[in-house]
Amino acid sequence: MLILQWGAATSSCSYSGKGEKELPTDIPSNCTRVFLSGYSISHLPSGVLNHLTQCIFLYIRYNELSAIDERAFLGLGNLQELDLGDNQIKQISDGTFTGLSSLEELNLRYSQVEIIENGAFKGLTNLENLHLENNKIKEIPNDAFMGLDNLQRLYLSENQIRMIHHAAFSRLKSLQVLVLSDNDLQVVEQNLFVGNRNLKMIQMDKNPISNINDGAFNGLYSLQSLSLGGNQMKSLDSKLLADIRRPLSLKLTLQSYELVFLPYDDLWDCETLCWLKKEEQSGTISFALLFDDTGSPVLSNLPFPIPFNPLGSPAPKCASGTWNSLQCSPKGEYFSF
């Protein structure tokens, strides 16, 4: 079934396959937005889409797609967004996306991806967002993201990743957001993020991380947010964040205790956290205690300052007193000034 929608500058062409074994071959060449869903195709051949030279958005979800010919996207040099989610693409091979030099966003969520070959995304020099969530990826090879010079956001959550080769992210000079939540990572290796000078947010929560090697966060000069919640770490090395040269938002779980650092303009959620000491001249808080259920301190003397503006926004829970002399309380209290 074909549905055409015409606008002043764009036209949308929507096809619903209802289990058909082949994609339509008569898609109008002037379609700028093409939707193809509900087909039962094992592979995307070359020649079917190559005439869509004006297409800027291509949606090919829910089609049981398992393989893509190397030249399938040739001719789509104006394409800006490609959605291949909810398919059965087990392997992304070198050259899969040849011809998509203008692509800015690629979605491969829920596509059963297991293997990413070196050079899989080669040629996507303008890609900014890459979605690989909810797949079955176990390993990230060194050159998996080769050529993604402009990539800013990489989403890899809810896979089965156990191994990230040491140079896997090093080519991603423009990367700002990296999401690795809900995987099987056990160790964060030294220099894993070297080369990612613009990285602002890392989410690695809900991994069975038991060890973070010295120098794991080397070179992260722009980092603002680091999430390590739901791991298996039993101690926090004082050198862990030594190379992060600016304050950040840190969410960290040690055993069953959660430690939360947040900039003052974020929501506070810290039922057992107590900020204790204000540094008079610098306006920072550099000392904190974490309490267990009995009120006993578990962790203290954290090695880096966090900025806090007492006039900025809702105060954190778990402490009472005055700004100059804070008195700790394990639950339910607030700062007062």
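The values are calculated or read from the model by the stated rules, or taken from the named source; none is laboratory data. This one's a predicted model, so the numbers in the text were calculated from it and none came from an experiment. Positions of Cβ are backbone-derived with ideal geometry, glycine not excepted, and every protein chain shown enters the neighbour counts.
Residues in segment 1-21 that are under 25 Å from Ser46 (Cβ atoms), at pLDDT 50 or above and assigned to a loop (DSSP other than H, G, I, E, B): Gly17, Lys18, Gly19, Glu20, Lys21. Among residues of segment 203-217 that are closer than 22 Å to Gln176 by Cβ and among the small types (Gly, Ala, Ser), those with a Cβ under 7 angstrom from a residue that is buried (at least 20 other Cβ atoms within 10 Å of the Cβ) and modelled with pLDDT of 90 or more, sequence gap 6+ or separate chain, pair up as Ala216/Val188; Ala216/Leu192. When segment 43-55 is limited to residues that are surrounded by 18 or more Cβ atoms within 10 Å (Cβ to Cβ) and of a type in the set (A, V, I, L, M), the one that is farthest from Leu79 (Cα to Cα) turns out to be Leu44.
Screening Ser40, Ser29 for residues that are surrounded by fewer than 16 Cβ atoms within 10 Å (Cβ to Cβ), more than 22 Å from Leu132 (Cβ to Cβ) and touching an Asp or Glu at 6+ places or on another chain (Cβ under 7 Å) leaves exactly one candidate, Ser40. Suppose the filter is surrounded by fewer than 21 Cβ atoms within 10 Å (Cβ to Cβ) and farther than 19 Å from Leu226 by Cβ; does Glu189 pass it? Taking the combined requirement at face value, the residue does not satisfy it.
If you go through segment 86-117 and keep only what is among the small types (Gly, Ala, Ser) and closer than 24 Å to His51 by Cβ, you end up with Ser93, Gly95, Gly99, Ser101, Ser102. Residues that are surrounded by fewer than 21 Cβ atoms within 10 Å (Cβ to Cβ), over 19 Å from Arg162 (Cα atoms) and more than 9 Å from the chain's Cα centre (by Cα) within segment 195-206 comprise Gly195, Arg197, Asn198, Lys200, listed in sequence order.
Leu226 meets all of the listed conditions (1) farther than 24 Å from Gln91 by Cβ; (2) not in a strand (DSSP E or B) but one, namely (2). If only residues of segment 135-158 that are within 12 Å of the chain's Cα centre (by Cα) and not small (Gly, Ala, Ser) are counted, the one that is farthest from Leu100 (Cα to Cα) is Glu158.
Report, by residue number, each residue of segment 207-233 that is modelled with pLDDT of 90 or more and surrounded by fewer than 19 Cβ atoms within 10 Å (Cβ to Cβ). Once the filter is applied, which keeps residues that are modelled with pLDDT of 90 or more and surrounded by fewer than 19 Cβ atoms within 10 Å (Cβ to Cβ), segment 207-233 yields only Pro208. Return a yes/no flag: does segment 22-33 have any residue that is closer than 20 Å to Arg71 by Cβ and assigned to a strand (DSSP E or B). Scanning segment 22-33, I find no residue that is closer than 20 Å to Arg71 by Cβ and assigned to a strand (DSSP E or B), so the answer is no.
Here Thr32, Thr53 are screened, and the one residue that is of a type in the set (Ser, Thr, Tyr), touching a strand residue (DSSP E or B) at 6+ places or on another chain (Cβ under 6 Å) and at pLDDT 95 or above is Thr32. Residue count for segment 172-216 under the criterion of being part of a loop (DSSP other than H, G, I, E, B), aliphatic (A, V, I, L, M) and either in contact with a helix residue (DSSP H, G or I) (Cβ under 9 Å, 6 or more places away or on another chain) or closer than 15 Å to Asn150 by Cα (or both): the result is 3.
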